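All of the numbers you see were taken from the coordinates with simple rules; none came from a lab. Predicted, not measured: the structure shown is a model, and the values here were computed from it. Glycine also receives a Cβ, built like all others from the backbone with ideal geometry; neighbour counts cover every protein chain displayed.
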């Protein structure tokens, strides 16, 4: 337990430090580092981490995406007063990088078709697209919302973690009916409802306090946003747990003693952040 607490405290300190420098190059570097570790943990889960061409293709594609997301939030990317490309070029650059990485993966499969199965290849392709795009939502939320970016980023991250906390305490107090006993035996329907309710209330209060005024429409919208994030986060958590159970893993990694790997801590965030980003982009809640 002590190891878990210390590990969690160190993680919180690192997170606070990154958020403190959120408007600098520190944020995309930190996101790229997290993506790199998460991709390695996932490739290790399907025994592709020792296949160097696949590992390099997936990692390089993943690491570049958050930096391109940073460029996408600006009008032009400049080095030494030279215009390299504008934010309008970012979608094509992402497509091109992913395409090249995909070709490398398929060529490697053709050369090693006797030892690499199609399930491994398509898993690698899926995580190469899902993880970088989802985690790069951190940069998009922060850089695409001006002075509100940091607040929205914090709320996006909290969308998953508040639900976990609310579900845990509600489940301990009132939990009787299992939600998905074969995938996650400790989750209960009561805890699930408690997580949804807690997140919705926290969102409604936090957004009202931040805006400095209470409006019933905005309060309802933010409650709905919190509830949706809680549901999506649970789906992400259960999905990651199901992968571990089918593979036979207890944890994806050991980078956080007592907690497992980054995938074990950010599995729900992978689903919540893109949802939060899409919602706040489509609906004006500030």
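Applying 1/(1 + (r/R0)^6) with R0 = 22 Å to the Cβ-Cβ distance of residue 174 and residue 239, what FRET efficiency is obtained, to the nearest 0.05?
According to the calculation, E is roughly 0.30.
Applying a 10 Å radius around every beta-carbon, put 197-210, 242-255 in order of their mean neighbour count, most first.
Taking the mean over residues of other Cβ atoms within 10 Å, the ranking is 197-210, 242-255.
Label residue 251 and residue 186 with points 7 Å out from Cα along Cα→Cβ: what is the distance between them in nm?
Label-label distance for residue 251 and residue 186, simple model: 1.3 nm.
Work out, step by step, the length gained on full extension between residue 211 and residue 126: first 0.36 nm times the residue separation, then minus their alpha carbon distance; give nm to one decimal.
Full extension from residue 211 to residue 126 adds 26.8 nm.
For the chain, what does the helix formula give at 222 nm: sum of -39500 (n - 2.57) over DSSP H segments with n ≥ 4, over the residue count, nearest 500 deg cm²/dmol?
Mean residue ellipticity, 222 nm, calculated: -25500 deg cm²/dmol.
Could you work out how much longer the chain between residue 111 and residue 9 gets when fully extended? Use 0.36 nm per residue separation minus the Cα distance between them, nm to one decimal.
32.2 nm
Percent relative contact order of the chain, based on C-alpha pairs within less than 8 angstrom and at least six residues apart?
Once normalised by length, the contact order is 19 percent.
For residue 93 and residue 25 in one chain, what is 0.36 nm times their gap in residues minus the Cα-Cα distance, to one decimal in nm?
Residue separation times 0.36 nm, minus the Cα-Cα distance, leaves 22.5 nm.
Running a GNM on the chain with Cα contacts under 10 Å, which residue among 69, 184, 147 ends up with the highest mean-square fluctuation?
The residue that fluctuates most here is 147.
If we sort 24-31, 220-227 on the protection proxy, mean other Cβ atoms within 10 Å, highest first, what's the order?
The peptides rank, most packed first, as 220-227, 24-31.
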